[in-house]
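Written below as structure tokens is the structure these notes are about.
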């Protein structure tokens, strides 16, 4: 009697652990580290993975396919987040090819746990060829793309098998693998480039005339700068910059002696819908400037366009808090004045 009780307890504990592992809450599994995530991401982003020419040569009668994971994610120690990323990447590559219509197969993801008198049975949606054909009719899929992923000694591997849903025929078999190191992944995870820029700000300044003449107006400044630009492989459409700019006026130098520095952080986002016409980015920058014994916040936003191979142009607006400043001594004008306002922001730059 005691032996039977212990057996039931063991089965129950195993069932609980299994449900925790494969259920919707994967909090008990190891968190995905950058090595696992970026390793599979690099493999799936490789141009040699799911080559379009190979997919076009497949049976043209197979148009609708469903992904079916036939690996043991628990035993292969691939966390749920990484598992979902792999499946999303596979679906994305197949859809982008234009060769297949990819359908969502909820039934393919279902795992059943049944407990009888002395057995714990774990089963998937299709346990044999007959059930697979029935599942094909149920979800209206011409074929199933079976896949599993594994990693060993820094070698990331994904196995794919395309199975005809009508007759269980193996249509296509492929293995993709990529060996990498933590250092190589870190380099691919973020890409850093540098920029040298020259620009024009339409922000103006003023000082009052003290002898009855007209007031003097400063109509713009020139900026020179250096930026560090970083992009992440997780989202290729988002980039970040941190830059230092020196700005000064070259017009009305007898009346104005403006010079200062601006430290700015910037977010740059691509607009994928315009890539077929011209690669276009939008930018939003926030900076702190220091000039003529004063300081001011700067906000900049606008559009970025390519210019030659490594060059770019910025067309946007600058909003600079107006501040009180001191100009160089001139007997006909007040020493105190203002600088700031809202105007245009034009920049030319080159990356290296």
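Looking only at residues that are over 18 Å from residue 302 (Cα atoms) and surrounded by 14 or more Cβ atoms within 10 Å (Cβ to Cβ) in segment 329-347, which one is nearest to the chain's Cα centre (by Cα)? Result: 340.
Looking at segment 220-286, the strands (runs of 3 or more DSSP E) lying wholly inside it that each contain 1 or more residues that are surrounded by fewer than 19 Cβ atoms within 10 Å (Cβ to Cβ) and out of contact with any strand residue (DSSP E or B) (no Cβ under 7 Å at 6 or more places or on another chain) sit at 235-248.
Of the residues making up segment 132-185, those that are over 20 Å from residue 103 (Cβ atoms), in contact (Cβ under 8 Å) with a residue 60 or more places away in the chain and not in a strand (DSSP E or B) are 154, 180, 182, 185. Please verify whether residue 60 is over 21 Å from the mean Cα position of the chain (by Cα) and either outside any loop (DSSP other than H, G, I, E, B) or within 19 Å of residue 151 (Cβ to Cβ) (or both), treating the condition exactly as stated. No; evaluated as a whole, the condition is false for this residue. Is there a residue being over 30 Å from residue 193 (Cβ atoms) and either part of a strand (DSSP E or B) or in the same structural domain as residue 248 (by TED's automatic domain parsing) (or both) anywhere in segment 302-322? Checking segment 302-322: at least one residue is over 30 Å from residue 193 (Cβ atoms) and either part of a strand (DSSP E or B) or in the same structural domain as residue 248 (by TED's automatic domain parsing) (or both).
Reported count of residues in segment 294-305, each being free of Cβ contacts under 8 Å to residues at least 40 places away in the same chain and in contact with a strand residue (DSSP E or B) (Cβ under 6 Å, 6 or more places away or on another chain), is 7.
Inspect all residues belonging to segment 16-37 and state whether any of them is in contact with a strand residue (DSSP E or B) (Cβ under 8 Å, 6 or more places away or on another chain), in a loop (DSSP other than H, G, I, E, B), assigned by TED's automatic domain parsing to the domain that holds residue 176 and at pLDDT 50 or above. No, segment 16-37 has no match at all.
The values are calculated or read from the model by the stated rules, or taken from the named source; none is laboratory data. Here the structure is a predicted model, which means the values were calculated and not measured. Here the Cβ is made from the backbone with ideal geometry for all residues, glycine too, and neighbour counts use every protein chain on show.
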